[in-house]
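The structure under discussion appears below in the form of structure tokens.
The values are calculated or read from the model by the stated rules, or taken from the named source; none is laboratory data. Given the structure is predicted, the values throughout are model-derived calculations rather than measurements. Don't worry about glycine lacking a Cβ; one is built from the backbone with ideal geometry, like all the others, and counts go over all protein chains shown. Note: accessible area is taken over every heavy atom of the protein model, side chains too, but ligands, DNA and RNA are not part of it. Shrake-Rupley method; radii C 1.70, N 1.55, O 1.52, S 1.80 Å.
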Amino acid sequence: MTGRSKVVRYKFPLIMLTALILVSVHPAHAQSKKVPRIGYLTTRSGPEASEKAFLQGLQSLGYIEGQTIAIEWRFAQEKFDRLPDLASELVRLKIDVIVTAGGYPTVEAAKNATTTIPIVMVGVSDAVQLGFVASLAHPGGNITGISILAPELSGKLLELAKEAIPKASRMAVLAYAGRNWELYFKQMDGAARSFGMQLLAFRVGAPDEIESAFNTARSKRADAVIIPGSGFLNLYRKRIVELAVQSRLPAIAMGGTWAEEGCLLAYGPSTAESYRRAAVYVDKILKGAKPADLPVEQPMKFELVINLKAAKQIGLTIPPNVLARADKVIK
């Protein structure tokens, strides 16, 4: 039997023959499409509302975790010294983009781990001042994302505190003892003087220092406590609010989640919106954009949240003009 007769007698089903022809003509389409992989580095212990907002942002752009995109989650469990190892681990995985959440320590860890993998930062205070980007308009390296001018906003917290508690004259300020704490106090000092306030500054660098700061603030007869934006302090939000209530100190913080936790008043950028915008950066980078060419954004949406339950606990009445400006009131 000749080779020719074998070919003639062997009949392929039509559908199989069609599939083989397609594979031979377009071999690339026969292989599964590469699923992009991103790394997510945060100081937190597990997913929170921020991570949910980020996933929602990805979904709105057509990315579904586990299907059209893979995410390597890395939670530092509130231990900042773990960040460098976690960042290096993500780099070894050769992921496509690193997203950092939880303030400047996560960005710093990722920056030190790679100069080539694109980094999208979220919620960093003054990225230019901290040396992460050359400028907001032209980042110039492998880092871009959303940067909040938290030091400037800390002055706004003082203004709101004065409006909400007109008789307040001594303000305790609880700030993380990191690289940019001086920026906060510089901005707040000028505002305090214009309002006739005295600032009691407390720099905390460890969890056990928080309670002692409240004890000192109480002994110095502080009228309220101001909590500027900080990834570190965010980790201990619940404990800080408890101490404020125990000390009967009205607490004014940056970020609506603080008021939802029990803080008297909170003002700042919409956290959910910032994390949804981070997803937009990831999408642009996966489609070929370079971080150096993507301007750093500053939040456009700000929220004032007032917790009347907290006010009642400490026997405080919020003036109607302040209450009328709230985007959300917790009763």
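Dividing the summed helix terms, -39500 (n - 2.57) for each DSSP H run of n ≥ 4, by the number of residues in the chain produces a 222 nm estimate of -12500 deg cm²/dmol to the nearest 500. In this structure, the pairs whose alpha-carbon distance is over 26 Å, taken from Lys52/Lys301; Lys79/Lys238; Lys79/Lys331; Lys162/Lys312; Lys52/Lys238, are Lys79/Lys331. Remark on the stretch 108-165: hydrodynamic radius 12.8 angstrom, per the Kirkwood mean of 1/r across alpha carbon pairs.
The convex hull of the Cα atoms of the chain, projected and averaged over all directions, covers 22.5 nm². Given +1 at the Cβ of Lys and Arg, -1 at the Cβ of Asp and Glu and no other charges, the dipole of the stretch 76-143 around its Cα centre is 140 debye to the nearest 20.
Among 137-145, 249-257, sorting by the average number of other beta carbon atoms lying within 10 angstrom of each residue, highest first, gives 249-257, 137-145. With K and R counted +1 and D and E -1, the other residues having a Cβ less than 13 Å from that of Tyr40 yield a net charge of -2. One quarter of the surface of the convex hull around the alpha-carbon atoms of the stretch 229-289 equals 4.6 nm², the direction-averaged projected area. For the set Phe302, Phe54, the ranking by accessible area, highest first and with no ligand, DNA or RNA atoms included, is Phe302, Phe54 under a 1.4 Å probe. Note on the stretch 218-263: with charges restricted to the Cβ of Lys and Arg (+1) and Asp and Glu (-1), its dipole about the Cα centre is near 260 debye. In angstrom, the C-alpha Rg and Dmax of the stretch 212-331 are 17.6, 57. Think of each Lys and Arg Cβ as +1 and each Asp and Glu Cβ as -1; about the Cα centre, that makes the dipole of the chain roughly 960 debye.
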